[in-house]
Every structure is written in structure tokens, then in C-alpha cells.
Amino acid sequence: MFAQRPEIRPATVEVLVAGQPVRVPEGATAAAAVLLAGLPAIRDTPVTGSPRLPYCMMGICFDCLAEIDGVANRQSCTVAVHPGMRIEPQRGARLAFREENAAHGA
Amino acid sequence: MNRPGAQNSFDAIVIGGGLVGAAIAYGLQREGLATLLLDEGDIAFRASRGNFGLVWVQSKGLGAPHYQRWTRGSAEEWPKLAQELAAATGIDTGLHQPGGVHICLGEEEFEQRGDYMARLQREAGNLGLEYRMIRGAEARDMLPGLGPDVAGLSWTPYDGHASPLYLLRALHAGFTGAGGTYQPNARVAGAACAPHDFRIDAAGASFRAPRVVLAAGLGNADLAPRFGLSTPVRPQRGQILVTERTQTVLPMPTTTVRQTDEGSLMLGDSKEEVGFDLGQTPEAMKMIANRAVRSFPWIAGLNIVRAWSALRVMAPDGLPIYDQSRRYPGAFTANCHSGVTLAGTHANRLAPMIAAGELEPEMAPFSAERFDVRTAA
């Protein structure tokens, strides 16, 4: 559904979207990588489980929430890519606490 | 529009559309009294919109057993009120009463809390007070990811929480659904008092009733003297931080951290004597966040998405004030800083007393005459 513009700068940065390698230009957003990866959804809403993809691309709608480099609930349209970035779907509400964190943190 | 004549005559007028006024108005209308609820509008301080949402027993009423009883009574009335409101309005007030804890950071806090709870239990007398001081491993089984600074918890089975905003909405919907008359943007402009005969001017009209209830929060301080009453209340500011929504993690509320039905973590609270200043301060926010993170270190990884302040309605001794005017019988006042906790007794016990025209003897210690030491002596 989404394609890069023909005059686009070279896609030199490789990131992982749901584990799948995607190459995007330097300075692109994580949300752009999500759209290019062709996923059916990047998140499910916490209340109804409705699937969502990046929409407004300007930090307003929150439909592009993703777990980026292990940090949940990030607005992927406001995050610039870096090589090796891991962008994972956000399934419902984020976890606040995992039992194993306690062991690591102690 | 308000027409003159019978439409402006009621059995009771309640001044104040926050949690206290709405609970009493709901109770009066349910008792069969045609009730008018006058709500000032968004220029009011609106403490009910800033409430933390605890239905809380274990920190209330040391040195005031009557307040402990009143609070416990409200926790008992709450399930009935919540069920009734849900049935009448379809609004779920989000009540959960799984018990609750106060988290003690450090040994000194734990010891002080233990003394406090023991005194509270002694003062409870025949009412009894079930509580436990819980340490270490057992505390860590009750709540996920408690931090190393947590020395222990005090626990009682009576505590719980609810959504203040859904409660307010449900009380208003229940009140109007039962036939009550709600008048917004109705700051009291004038009043004429005689025993069991009151005229209130508001929203460009005059209203009459044999009963009037002052439930205007901080506004009661100025209103009360006009009705032969006294409510020497002052503002006490509290600030709250709110995190992004997360999956449900907390099985019960604590005094300063609770998780809403929607998944947000609410973090409180501050107690600041700053007059009518509704501002927020980095110092108080830092203190609140620090205590929350020392209690639950994983909270540090969550985003704060909202913060606000509100003004508690405090009497000089921190206890509620309930009175009927001696000079103008039929005029009542109701003041407290626990509009959520006390909604149960306000709707189910206080409103019937007001409908009957007399506060029961158990309410006498709540009279503002307790501040009038010289007169009493």
C-alpha cells in the first residue's frame, strides 16, 4: 500500500519491524518504517483490541504507538530511526511490571 | 427558563453540585422530596473534579471515634449506593473494595503506623477495627514489585476505591432521573431566611423551600453565616500525577498509589497550605513521584501524562461539619474533604435525616459548635 517517493534519498538505514528487516533513508521516522514494512497493524487498542497503523504522522493521534528498543508506548512517528532499531507491535496496554524485573533490579 | 410560581417551590434546595451536594440531593429526591440542586459553575473550585478516588477508612478518625464510625458506615453503604446508581443510570462508578494498604517507607514509618493503627483500634471500641501490620515477604506477595525501602504495610479489609468522575456523573444522572431539578450556573446571589422558610436567589430567579442544604465546599464559609450557621473551612491544596495506562497490575489501592479501571496509575498526594492558589509546583510533583517510585520502583519507567491540583475543604480539625441552624431550623450544612468516601453515608444516612428535619444524636460531635470553645465554656 505504501511506497517510497521516487526521488527519495537512498535507503541506507536498516531497522527491524516486528523482526523483519526494513531499509529506510537516514532521518526517516520509525512510523515510516512501519508503513513500508507492510504490517496489517502496529498496535491493538487497550480497550477494544482494534488494530491500528500510523495515521497522522505528526504526533497527535497516537495510533502509531509501538515498542521501540524495548520501551513501550512510544509514538513511532516522532522517533527518528537508527541502524538496528527494533520496532515491535504494541499489543493493548503496556505492561507496567514483569516479575523478572524484580530479580534484575534487586 | 424559570417561571414564577409553583415551579420555583421545592421541598428542599441543595446549594452545591459537587460530590457532597449531589449525594445529598440524590438522597433527598429518592426520599420523595422535590429537590432543587443549584450548581455554581466552572468558576467554582470544584474539589470533586480533582479527587483521588479512595473509599478510605484506615487513615480516618484518630481521636474522633464518631468520624471513624461515620467513615466505616459509608464504606458499608457504598456497595448499595453503587448498585442502585448502576441500575438507575447504567453508570458504573468503578467501586472496588478489596481492602487496602498504607505503604511504610523505612522502619520508623512502620513503627509509627503500627502505633497509629493500634490507637485507632482502641478508639473503635465495640465497633472493632480489623487490621494487620504486614512485613517483608508477605507484603511482597500482596503487591507486585515493592521496593527495598518498603519496611511493611498496614492493611484493613474495609478500604477501596472508585472513580470520582463516574460517581459524580451517576449521582447527577440518578438525581435528575428520579425527578430532581438541576440548575447550573446558579451562584447564590441572595437569600432570605425564616425558620423552615427559605428563599434563594440564583440564576436570575428566586426559589423557595422549607429546607436548604449548604454543600458548597469552600463556598460554605461565606454562605453559612447568612443562614445562622458557621463553617470555618479553609482550602488545603493537593496535587496528583497520572501515568499512562498499563495492564492491571495492582490488586488493591494504597494511600498514595492506585490503579484505575482504565489502567492509569494515580499518584498522590500533597497537603499544602497555600490559600486559594490552584497552581502546581515541581517540588510537590517531585515529592509525589519520589514516594511512588520508592514504593514501586517500576513506576519510574512509566510516562506521566497528566497532573493537576485541587483544593480540599478542610475544617480546623480536619473533620467533617454537619449542622442544622438553631436560628433558622431547616437550614443544614455539610462539609468534608472526603466526598468520595462519604458519598455512601451522605446519600443513605444524612439525606434521610435532613428529610426528617433532624440530625440524629450521633451527628452532634460534627457540629461546628465544637470550635466555639469560649461559648461552650
note = Residues of region B:222-242 being out of contact with any Gly (no Cβ under 7 Å at 6 or more places or on another chain) and within 30 Å of B:Asn303 (Cβ to Cβ), in sequence order, are B:Gln236, B:Arg237, B:Gln239, B:Leu241, B:Val242
query = Only one of B:Ala75, B:Ala82, B:Ala139 is within 20 Å of B:Gln259 (Cα to Cα), without any contact (Cβ under 8 Å) to a residue 40 or more places away in the chain and either surrounded by 15 or more Cβ atoms within 10 Å (Cβ to Cβ) or touching a helix residue (DSSP H, G or I) at 6+ places or on another chain (Cβ under 7 Å) (or both); which?
reply = B:Ala139
request  = Filter region B:234-275 down to residues that are of a type in the set (Val, Ile, Thr), under 18 Å from the mean Cα position of the chain (by Cα) and in a strand (DSSP E or B) and give me whichever is nearest to the other protein chains (Cβ to nearest Cβ).
outcome  = B:Val257
request  = Determine which single condition B:Tyr26 fails, assuming it passes every other condition in (1) touching an Asp or Glu at 6+ places or on another chain (Cβ under 6 Å); (2) in the same structural domain as B:Gly357 (by TED's automatic domain parsing).
outcome  = (1)
ask   = In this structure, does B:Gly94 turn out to be of a type outside the set (Phe, Trp, Tyr), under 19 Å from B:Val340 (Cβ atoms) and in contact with a helix residue (DSSP H, G or I) (Cβ under 7 Å, 6 or more places away or on another chain)?
value = yes
message = Given the criteria without any contact (Cβ under 8 Å) to a residue 12 or more places away in the chain, more than 17 Å from B:Val212 (Cβ to Cβ) and assigned by TED's automatic domain parsing to the domain that holds B:Asp197, does B:Pro365 qualify?
response = no
task = Taking the options B:Val340, B:Val293, name whichever one is among the aliphatic types (A, V, I, L, M), in contact (Cβ under 8 Å) with a residue 40 or more places away in the chain and over 23 Å from B:Phe175 (Cβ atoms).
result = B:Val293
ask   = Within region B:135-157, is there a residue that is away from every other protein chain (no Cβ under 14 Å), touching a His at 6+ places or on another chain (Cβ under 6 Å), within 20 Å of B:Gly63 (Cβ to Cβ) and not in a loop (DSSP other than H, G, I, E, B)?
value = yes
ask   = Tally time: how many residues in region B:96-130 are out of contact with any Lys or Arg (no Cβ under 9 Å at 6 or more places or on another chain), under 25 Å from B:Val293 (Cα atoms) and not in a helix (DSSP H, G or I)?
value = 5
request  = Could you tell me whether any residue of region B:336-344 is within 14 Å of chain A (Cβ to nearest Cβ) and either surrounded by 15 or more Cβ atoms within 10 Å (Cβ to Cβ) or in contact with a helix residue (DSSP H, G or I) (Cβ under 9 Å, 6 or more places away or on another chain) (or both)?
outcome  = no
task = Please enumerate the residues belonging to region B:25-55 that are assigned to a helix (DSSP H, G or I) and closer than 14 Å to B:Ser338 by Cβ.
result = B:Ala47, B:Ser48, B:Gly50
message = Take the residues in region B:158-185 that are part of a loop (DSSP other than H, G, I, E, B) and among the hydrophobic types (A, V, I, L, M, F, W, C); name whichever of them is surrounded by the fewest Cβ atoms within 10 Å (Cβ to Cβ).
response = B:Ala178
query = Tell me, which residue of region A:37-53 that is over 11 Å from the mean Cα position of the chain (by Cα) and of a type outside the set (S, T, N, Q) is surrounded by the fewest Cβ atoms within 10 Å (Cβ to Cβ)?
reply = A:Pro40
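The values are calculated or read from the model by the stated rules, or taken from the named source; none is laboratory data. For clarity, every value in this text was computed on a predicted model and none was experimentally measured. Backbone-built Cβ (ideal geometry, glycine too); neighbour counts: all protein chains shown.
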